[in-house]
Amino acid sequence: MRIPESELIINGDGSVFHIHIRPEQLADTVILVGDPGRVAMVKSFFSSVECENASREFVWATGLYNGERVTVLSTGIGTDNIDIVMTELDALANVDFSTREVNPVHRSLNILRIGTCGAIQPEIPLGAFIFSHISIGCDGLMNWYEGRDRIALADFEAAFKEHVHWNTHLPDPYFVRASDAIIARFSDCTVKGMTVSASGFYGPQGRVVRQGLAMPDMLEDFESFEFGGYKITNFEMESSALAGMAAKLGHNAGTVCCAIAHRYLKDADTDYKPRVAELIRLSLDRMTRRA
């Protein structure tokens, strides 16, 4: 089936609409970062840079690390941007841009998001590396796609909604597991995480500035939730969409974050860039041949 121009926009230079990458420029290993400025930090570890470009918040480069091609791409903030990025990455991998038809052989990408987060559990120290084994989407993104229930952890969802007294005005939360293949690369060097992906930085993460919360006890309820051997470990804003879209599209994906704030202890580390650089180096090692 031919994909219409209105559904998948291809730029005049043969690149996909938002992220401005051409199919041949995309590596099989992809590092995602939220901050466009963090692309330069990741790129600084490459032995060479093959190609690069930028459009809006989407900054990217493809180069070599440990002799393997790696693409690093910034997404900006939020699951809505992950929807754009994952759809376009999959199109680059699995759609013939000349015929606009899906390729007969599926290409699976290995995708890791490297980010920052706020820890929830008291025993997790600032600077800890938390890998999101399970992500909780409080944004509603995956509810827009058919087959959402095939990738979701229904028993986790039911227990969570009951425990936190989920407000019915909010989108149904969805629980998605990261790729086992990516989890295995980080199991010995990270905290096992169950991560809340919030749809905003303030109210959706329980922060009160000048407005009250629809769920005023949410931080305490999230911190005390435990199911299937997991506790909620941290807040961030993208991991659920990444895990969900990857599972639906047949890619291996996961998220690892450095804890730069502690919601339980009411503390934060503003000098976190050296620790993030350590996480980038570790992540590149684990995603390439040194793994």
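Couple of notes before you dig in:
- Dipole of segment 233-280 [Lys/Arg +1, Asp/Glu -1 at C-beta], most positive-end residue of Ala268, Ile280, Met245: Met245
- Å² of accessible area per residue within the chain, as computed with a 1.4 Å probe and no ligands counted: 45
- Lone cysteines, the chain (no partner Cβ under 4.7 Å): Cys51, Cys138, Cys189, Cys258
- At R0 = 51 Å, FRET efficiency that the Cβ-Cβ distance of Asp13 and Ser187 yields, to 0.05: 0.80
- Heavy-atom accessible surface of segment 144-276: percent carbon and sulfur, 1.4 Å: 51
- ³J(HN,Hα), Karplus 6.51/-1.76/1.60, whole Hz, each residue of segment 182-194, x for Gly, Pro: 7, 4, 4, 5, 10, 5, 9, 9, 9, 6, 6, x, 10
- In segment 159-216, chymotrypsin sites (Phe, Trp or Tyr not before Pro) in a DSSP loop with at most 16 other beta-carbon atoms within 10 Å: Phe201, Tyr202
- Once the GluC sites (Glu not before Pro) in DSSP loops with at most 10 neighbouring Cβ atoms within 10 Å are cut out of the chain, the longest remaining piece is 147-291.
- Proximal aspartates and glutamates to Lys43, defined as alpha-carbon separation beneath 17 angstrom and excluding residues fewer than eight positions away on the same chain: Asp28, Asp35, Glu52, Glu57, Glu68, Glu278, Asp285
- Here is the list for segment 33-138: trypsin sites (Lys or Arg not before Pro) lying in DSSP coil, each with at most 12 other C-beta atoms within 10 angstrom of its C-beta, are Arg56.
- Angle between the chain longest axis and helix 239-249 axis [Cα atoms, degrees, rounded to 10]: 50
- Helix axis angle, 79-94 relative to the chain longest principal axis, alpha carbon, degrees: 30
The values are calculated or read from the model by the stated rules, or taken from the named source; none is laboratory data. All values derive from a computational prediction rather than experimental measurement. Note that each Cβ is placed from the backbone with ideal geometry, even for glycine, and that neighbours are counted across all protein chains shown. Ligands, DNA and RNA are stripped out before the accessible areas are found, and what is left, the full protein with its side chains, is counted by its heavy atoms. Shrake-Rupley method; radii C 1.70, N 1.55, O 1.52, S 1.80 Å.
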